[in-house]
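Visitor: Please read through the structure below; I'll follow up with questions.
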Amino acid sequence: MLNTLRRDIQSVFDRDPAARSVLEVLLCYPGLYAVWGHRLSHWLWTHHLKLPGRWMSQLMRFFTGIEIHPGARIGRGLFIDHGMGVVIGETAELGEEVTLYHTVTLGGTSLQKGKRHPTIGDRVTIGAGAKVLGPIEIGCDSRIGANAVVVKSAPPNSVIVGVPGQIISRSRPHTAQDKPDLEHTSLPDLVGVTLQSLIARVDELEQRVDGHVEHLDVQLPTAGVWHGEDFAI
């Protein structure tokens, strides 16, 4: 147990450059409190003390804003950054060295008892506001973009973005020896890439039919920026 607690503390230093000392981590990180509170509530839950276990989880929810059902199974090294609004359901399972940002939901999609929440592999990073729903599996070393809604399983080393979540296999897989993968600015823009492909395809078809291409009001993006008329929002 002591090794698990030490690893939980070390996970903060590994994945938050703002952490400066063990004392600061112990006094100022609600995500750590929520994980430790869950370890106690889960022990009560699995030792047939379900009401005290549920009460402990609700107590931690009151103090941290993070709700973890005592039935959830969580591996070592879980890091919940900021944490407010995180929800982890009863039958969710998380591997080791998982990272969750605020307002992440690991939720269910069924009213039936039994397995109804996701299984998250080792070293998975889930961005702020993402929703992973149902008894699906997210493979190890995957990365889920902010605000994605994931409703189907993904193999290891996937990048998942969009609503509903679209799965992209990585050209350079992340491994257990690599540092935690927290770079969310390099996530792909599937909608933009699709529009660009459609525009290029239309140009090609116009050349085949008419022998020329009409001037397009919307140009292809340069450096990630789309150019065109102003839009009223």
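Visitor: Return a whole-number percent for the relative contact order of segment 2-169, with Cα pairs under 8 Å and 6 or more residues apart as the contact set.
Guide: 13 percent
Visitor: With r as the distance between the Cβ atoms of Thr46 and Leu23 and R0 = 41 Å, compute the FRET efficiency 1/(1 + (r/R0)^6) and round to 0.05.
Guide: My answer for the efficiency is 0.85.
Visitor: For a quick size check, give me the Cα extents of segment 75-126 along its three principal axes, largest first, whole Å.
Guide: 31, 22, 13
Visitor: Full-extension gain between Arg170 and Arg208, please, as 0.36 nm times their residue separation minus the C-alpha to C-alpha distance.
Guide: 10.2 nm is the gain from fully extending Arg170 to Arg208.
Visitor: Going highest first, how would you order 66-75, 5-14, 162-171 by mean Cβ packing within 10 Å?
Guide: 66-75, 5-14, 162-171
Readers should treat all values here as calculations from the given coordinates under stated rules, not as data from a laboratory. In this text the structure is predicted, and so the values were computed from the model without any measurement. Note that we place each Cβ from the backbone using ideal geometry, even for glycine, and neighbour counts take in every protein chain shown.
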